[in-house]
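**Q** Quick one: structure below, then a few questions.
The values are calculated or read from the model by the stated rules, or taken from the named source; none is laboratory data. The shown structure was predicted, so the numbers you read here are calculated from the model rather than taken from an experiment. As a convention, Cβ positions derive from the backbone with ideal geometry for all residues, glycine included, and neighbour counts pool all protein chains shown. SASA here: full protein model, heavy atoms, side chains in, ligands and nucleic acids out. Shrake-Rupley method; radii C 1.70, N 1.55, O 1.52, S 1.80 Å.
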Amino acid sequence: MGNHFYIGEVKYKNEILPGGQPPIMDRALFEAVRQKALAQWSHRTIVRSKSDHLLTGLLFDDAGHRMVPTHAAKAGVRYRYYVSTPFLHGEAKTASAGSVSRVPAADIEDVVVKFLKAHWAAKQDKSTTSAARIGDRGALARWVAGVIVHKDRLIVRLKSDGQQRVLSMIK
């Protein structure tokens, strides 16, 4: 990363060679700027890859289409949603779209987390509860195979010994 032209060098076929032009900054400053840019870049990458959508990859409409995270902003407030892919891509009229086009992210995440906490408390499975760290998307994905959104209910499928099973319906 960095344009070696500034320090009198050129890059040719992935090799840094002395250039014919004089340097316009010293190597120490070039390296300092390069290190700062790399640190900021990796920070942006980490922030960008951290999603605040807990159910990403786990949510499907009742027609089997993935529901993907999206958001809208109005008056400076960010509203998070999960939207069924046919509706997101404008294919709702041509594809066999499900009965639910979008759901508020906070609402559905809250319902699913409460359901899982209640389920594991009823099973009195302390290892599962502590291992899951329910607010963590990665941990949640290890336990939940999928959530199917219907107009009147949610179907939560848990992974159990490598098998998927319908656990319960939430009204």
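**Q** Across the stretch 131-171, what is the number of residues that are over 22 Å from the mean Cα position of the chain (by Cα) and modelled with pLDDT under 80? Let's see the steps before the verdict.
**A** Looking only at the stretch 131-171, we keep the residues that are over 22 Å from the mean Cα position of the chain (by Cα), and these are 150-153, 160-171.
Remaining after also requiring modelled with pLDDT under 80: 160-171.
Qualifying residue count for the region: 12.
**Q** Please work out which residue is most open to solvent (accessible area, probe 1.4 Å), limiting yourself to the stretch 15-31 and to residues that are modelled with pLDDT of 90 or more and assigned to a helix (DSSP H, G or I).
**A** LEU29
**Q** Based on what the data block shows, is VAL83 part of a strand (DSSP E or B), buried (at least 18 other Cβ atoms within 10 Å of the Cβ) and either touching a residue at least 24 places away in the same chain (Cβ under 8 Å) or over 15 Å from the mean Cα position of the chain (by Cα) (or both)?
**A** On the way: part of a strand (DSSP E or B): yes; buried (at least 18 other Cβ atoms within 10 Å of the Cβ): yes; either touching a residue at least 24 places away in the same chain (Cβ under 8 Å) or over 15 Å from the mean Cα position of the chain (by Cα) (or both): no.
The answer is no for VAL83.
**Q** Checking the conditions here, which among ALA97, ALA118 is exposed (fewer than 15 other Cβ atoms within 10 Å of the Cβ) and either out of contact with any Ser or Thr (no Cβ under 7 Å at 6 or more places or on another chain) or farther than 14 Å from LEU54 by Cα (or both)? I'd like the intermediate steps shown before the answer.
**A** On the way: ALA97 fails: exposed (fewer than 15 other Cβ atoms within 10 Å of the Cβ).
The match here is ALA118.
**Q** On the given criteria, is ARG34 at pLDDT 90 or above and either open to solvent by 60 Å² or more (accessible area, probe 1.4 Å) or at positive phi (or both)? It would help to see each step written out before you state the result.
**A** Values: at pLDDT 90 or above: no; either open to solvent by 60 Å² or more (accessible area, probe 1.4 Å) or at positive phi (or both): yes.
Judged against the criteria, ARG34 is not a match.
**Q** Starting from the stretch 98-119, take each residue that is closer than 18 Å to HIS65 by Cβ and list its partners that are open to solvent by 50 Å² or more (accessible area, probe 1.4 Å) and assigned to a helix (DSSP H, G or I), counting only C-beta distances under 6 angstrom and pairs at least six apart or across chains.
**A** Listed pairs, sorted by first residue: SER101/PHE87.
Let's see how each residue does on (1) in contact with a Leu (Cβ under 8 Å, 6 or more places away or on another chain); (2) under 16 Å from ALA141 (Cα atoms); (3) at pLDDT below 90:
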residue	(1), (2), (3)
HIS53	no, yes, yes
LEU58	yes, yes, no
ASP61	no, no, no
THR70	yes, no, no
GLY76	no, no, yes
VAL83	no, no, no
